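Remarks on the structure that follows.
The values are calculated or read from the model by the stated rules, or taken from the named source; none is laboratory data. Predicted model, so just to flag it, every value in this text is computed and none were measured. Note that each Cβ is placed from the backbone with ideal geometry, even for glycine, and that neighbours are counted across all protein chains shown. What goes into the accessible areas is simple: the full protein's heavy atoms, side chains included, and nothing from ligands, DNA or RNA. Shrake-Rupley method; radii C 1.70, N 1.55, O 1.52, S 1.80 Å.
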Amino acid sequence: MLDYTGYHPICAMIKNMPDVAMKALDQCYRLNTTSRQQFFWLNYLEPSLISNEEFKFPSPSVLEEVVKTQNQVLINHPVVKEMIKTKWSQFGIFGCVYELLFYLFILIIWSIQVLLNPYNKGILTDDTDKADTIGVDDVIAIISLLLYIVLIAEEVVETWEGHKGHRDWRNWKLHQIRGDLKFVLPENVEEKMYLEDMEEEVINQKSPYWSDFWNVYDWAFLILLFFTYVLFWIDRLAQKEEGWTLGLWKSMFLTVSLVFAWIKLFKYLKVFESMGPFVVIISNTFGDVLKIMFVYFILYIPASCVFFQFFGKSNRVSFLTGLSMKE
């Protein structure tokens, strides 16, 4: 059922012929109404474990192709739902719970760091006696910095793997298309044009890594944290005096970064069945909320200007008498 690269033919059906793919998936599912039992043959839907030495890119699985197409009919097929349930129970839940707990630990550390570092620390209090000692806030600051470095390393690795995976997939797909072009007969002009158009489309296709909102959000959040830590450590190591304003900027960046950090928690909650629909609803309504806010500001800004024009603090006009009333 697999070609020489380990590619499953159902994957091609899912992408190009979803109705035929539904009938193919039906062959891997049986329902015994007498005993009320369901039987699944999921082993036929997994790519070959024997990889071709010429290609390091593993062939995509049926589940991966279904997710890419976003076909709700295929996603709700009993075979696909059973495959998701099986993979989730075998290894998916453990990785997601680990990532969630690790990120919750990061959030707790960052929250404690914000609470231990008010903007006027070192100005209104005398820290000269504690200059040579290491306190709890010092330990929390070092731990948070190390966790930030870990997050950067993970994001860099994820970005590199995402682009590398797309590059390997493109080379694998181009090899398939160019292999098919060799066997096209001269009189089959339409088939040749179809394969050439597909080849050009694959060549021009960009990596889908940056099309994911959370990937863009992660990098924007890390850049914000970079400036936050620069201000934090400058303010921490500098000699503070009266009129020191960098502490206020540090606190502003710390609080804004903490808000963005807690929002990122939705990324780790969306994979769970209980919280996933809620996260999807919030994500889909975010654009509508921005539209409503835009309409609100269109009415609010001119109304505020008109109100200030007639009822300003320095010169308020009475509409009944037309007299200027000074305070």
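Quick notes on this one:
- By average C-beta atoms within 10 angstrom, highest first, the peptides 152-164, 257-269: 257-269, 152-164
- One decimal place: the segment Cys96-Ile301 gains 69.3 nm when fully extended, by the rule 0.36 nm per residue minus the C-alpha distance.
- Separation between Cα centres of segment 218-292 and segment 65-102, rounded to whole Å: 29 Å
- Dimensions of segment 140-257 along the principal axes, based on C-alpha atoms and rounded to the nearest Å, stand at 86, 23, 17, largest first.
- Counted by Cβ distance under 14 Å from Ile223, the other residues give a net charge of -1, where Lys and Arg count +1 and Asp and Glu count -1.
- Each Lys or Arg adds one and each Asp or Glu subtracts one; over the other residues with Cβ under 13 Å from the Cβ of Gln90, this totals 0.
- When the trypsin sites (Lys or Arg not before Pro) in segment 173-209 are filtered for DSSP coil states and for at most 15 other beta-carbon atoms within 10 Å of their beta-carbon, the remaining sites are Lys182, Lys206.
- Apportionment of accessible area to carbon and sulfur, segment 243-290, percent (1.4 Å): 79 percent
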